[in-house]
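This report concerns only the one structure given below.
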Amino acid sequence: MPDLAELFRTEPGTLGGRYMRTLWHPIFIASDLKPGWAKPVQILGEKFTLYRGEGGAPHLTAFRCAHRGLQLSVGWIEGDSIRCRFHGWKYDGSGQCVEVPTEDESTAKTVRLRSYPVREYLGLIFAFIGDGDAPALPRYPALNRAASCGSRPTRAPAISSSTWKTIRCTSPSRTASRSYTSIVRKFR
């Protein structure tokens, strides 16, 4: 009899993990990631470093520095790059090492961290952590309408996947007596 538990494990290399890495995942509330800050995140059994550059763009890279393996989220942000706190290696948003303080410029060009595409949508930061080119980020018209009315995502309580939430919104730009209701299924 096949081991059905393999379908539910999402670590790298598992059947479930390979499938889940073909999708975009909401990984962080966008307003909680301030410019110039880095956060460690874990999704699908893997750890990553999520940071927002000083220009406002979010970036997702490998969890550890390629040099000595220090957790990158304890480093600091310079422009749209992150610098490791241990020996000061600096990586840009694409994961390319752009500066090694004690070495010549050619050393930095040979080092690259894995980086992942991220997009902000509906007040969340979505990431694609699979191999190859990322598919288009799915759009949800019902959620777009709710977001245009000023609704913002908040920390969701633990709910089951069958729970449905109704978002009611009255937009000041529309007739005040007219409200719009969208049924949305919460991300789990």
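Just so you know, all these numbers are worked out from the coordinates, no wet-lab data involved. A quick note: this is a predicted structure, and the numbers were derived from the prediction, not measured. Here the Cβ is made from the backbone with ideal geometry for all residues, glycine too, and neighbour counts use every protein chain on show.
Please report the spacing between the Cα centers of the stretch 1-73 and the stretch 87-118 in Å, no decimals. Cα centres, the stretch 1-73 to the stretch 87-118: 19 Å. If R0 is taken as 45 Å, the Cβ-Cβ distance between Trp76 and Phe8 corresponds to a FRET efficiency of 0.75.
Footprinting exposure proxy ranking of Phe63, Phe8, Phe48, Phe86, fewest other C-beta atoms within 10 angstrom first, gives Phe8, Phe86, Phe63, Phe48.
For the stretch 4-128, the Cβ-based charge dipole about the Cα centre amounts to some 320 debye (Lys, Arg positive; Asp, Glu negative; other atoms uncharged). Listed by Cβ neighbour count within 10 Å, with the fewest neighbours leading, Tyr140, Tyr121 appear as Tyr140, Tyr121.
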